[in-house]
Amino acid sequence: MPRVGEAATAASKYTLEKGGNDSPPSYQEASGAPVESQSPLGYNVGAVTIIFLNVSKMTGTGVYSTPSAILKGTGSVGLAMIYWALGFLTSIASLSVYLEYAAYSPNRSGSEVWLVPTTFALQSVLLSFSSSNAIGLKGVAIAGFTVVFLVIVFHTRFSYAVSNGIGIIKVLTLVFISVTGLIANFIDSFSGHAMPYGVTNALYCIIFFSYASYKIAFNVINEVKNPMKTIRRDGFIALAIVALLHIFANIAYFAAIPKADLAAAQQIAASLFITRVFGPGNTVNGLNFPIVLSSFNNILAVALGSSRMIRQCGQQGVLSFPRFWASTKPFGAPLGLYPLSVLNVLLAVGLYIMRYRRARLSLPRPEFRAWDPIVIFNVLVNLYLIVMPWYPPDGGPFAGDVHFWYATYVATRLCNRITFCALYYYLWVSVVPKLRGYRLRQETIILGDGAPSHRLIKMPATEVVQWDATHDTVGRPLLWANAPSLGL
């Protein structure tokens, strides 16, 4: 039978918890990271930081570099603009899915961590990269990553201040491009020819390089006071700001640059735009600085969010050496620094599984619940993005954007990120424990900075019954679990 403050099914167990970020007590899955009554990272994330974290992550180098590829894929200016708007609508649907997950765990930082912590931990630590932002020389790129690491490690509040400050510069740069482009016009908006391979690539570029990071604020939700109200409001504000900046920047590109020149461009669209408007010279070189700064800011936003998510994985115990990953010593900041369409489908379908389980236990509705048509739209768009990359381009399997087989990238990512992680989880959780005669159990520990964490221990099969009888579903000894506080 579930104990006081707990609910359980055969598939999952829930515990009533309250954190220190002003979110109300809520039933949360016991297997998640421990809920902190006081976050060692503080509560420094407000409206400005949420907006600029999202804006900074969404406006990396994509808005400067991808318009040429998008125009080439869609075949016309008009269809390209429609796809930029479609990317915005798709992101709204996905943001709604993430908001409902956040409502189930309003004091646990993370996003993908909520649904697939082991898979996310494995791919983040072993397979993650930020190559899309490595646009400079190797020495400059190394220096940039080093500065990002030092900024994040030594002072949490300062790292947010740096991200916000550079984010303002990025917004002003895009406003400058947008306003400058209003002096020109373009005609024959829908002249051109679009093919399935091209429009699919265009939609991928728009969603994954320009809009996909609408969820970055969820990575720091435990540092947000009144998180659901704050992120729901400011997340949509940030997405609207980015959509307007992207659309008006593209209007500027299309207005100032002949269609044929933009589609065939070998340089980033922003540089070509400045050359067409102001002529060659130092003006083009001057634009390189805000583009590099934008890339640096994107890396900083990624690292800020990823460090929190990896910390959550450490606190859940799905990584070896949980004390290292979950600790904030010595400076009060985290030190341990799938194909997205597949993950988005899993998240949306998983949402209905979560609703079913909670309904069976008569648990209360979350503070936010996504509309069913929006969730279904999110599933359909991402199913399209899963299936259509396998559709061959005109001219055969070697006529795509690369000189090798057109679907090599998709197949490789699918095998590396999905198949490898699924196989690892199956072996780690099921096969190896059965062969070696133990079971995995969750234990709660307290780190040196006072933060709670989980670690998974290998419990001999003969001792499992005794362990379950003396510990609650979170992994705390029963005397500890029955303490008056709902949190730790």
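The values are calculated or read from the model by the stated rules, or taken from the named source; none is laboratory data. Note that the structure is predicted; figures quoted are calculated from it, not measured. Positions of Cβ are backbone-derived with ideal geometry, glycine not excepted, and every protein chain shown enters the neighbour counts. Heads up: the accessible areas ignore ligands, DNA and RNA and are worked out on the full protein's heavy atoms, side chains in. Shrake-Rupley method; radii C 1.70, N 1.55, O 1.52, S 1.80 Å.
Numbers below:
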read-out: Residue match in segment 63-82 (condition: at pLDDT 80 or above, surrounded by fewer than 20 Cβ atoms within 10 Å (Cβ to Cβ) and either within 25 Å of Leu456 (Cβ to Cβ) or under 18 Å from the mean Cα position of the chain (by Cα) (or both)); value: no
read-out: Tyr338 vs. criteria at pLDDT 75 or above and open to solvent by 10 Å² or more (accessible area, probe 1.4 Å); value: no
read-out: Failed item, numbered, when Ile135 is tested on (1) assigned to a helix (DSSP H, G or I); (2) more than 18 Å from the chain's Cα centre (by Cα); (3) at pLDDT below 85; value: (1)
read-out: Residue check for Lys229: of a type outside the set (A, V, I, L, M) and over 18 Å from the mean Cα position of the chain (by Cα); value: yes
read-out: Verdict on Leu293 being open to solvent by 10 Å² or more (accessible area, probe 1.4 Å), touching a Cys at 6+ places or on another chain (Cβ under 6 Å) and either over 29 Å from Ile206 (Cβ atoms) or at pLDDT 70 or above (or both); value: no
read-out: Every residue from segment 429-455 that is under 20 Å from Gly32 (Cα atoms) and open to solvent by 60 Å² or more (accessible area, probe 1.4 Å); value: Arg439, Arg441, Ile446, Arg455
read-out: Number of positions in segment 369-405 that are open to solvent by 30 Å² or more (accessible area, probe 1.4 Å) and part of a loop (DSSP other than H, G, I, E, B); value: 14
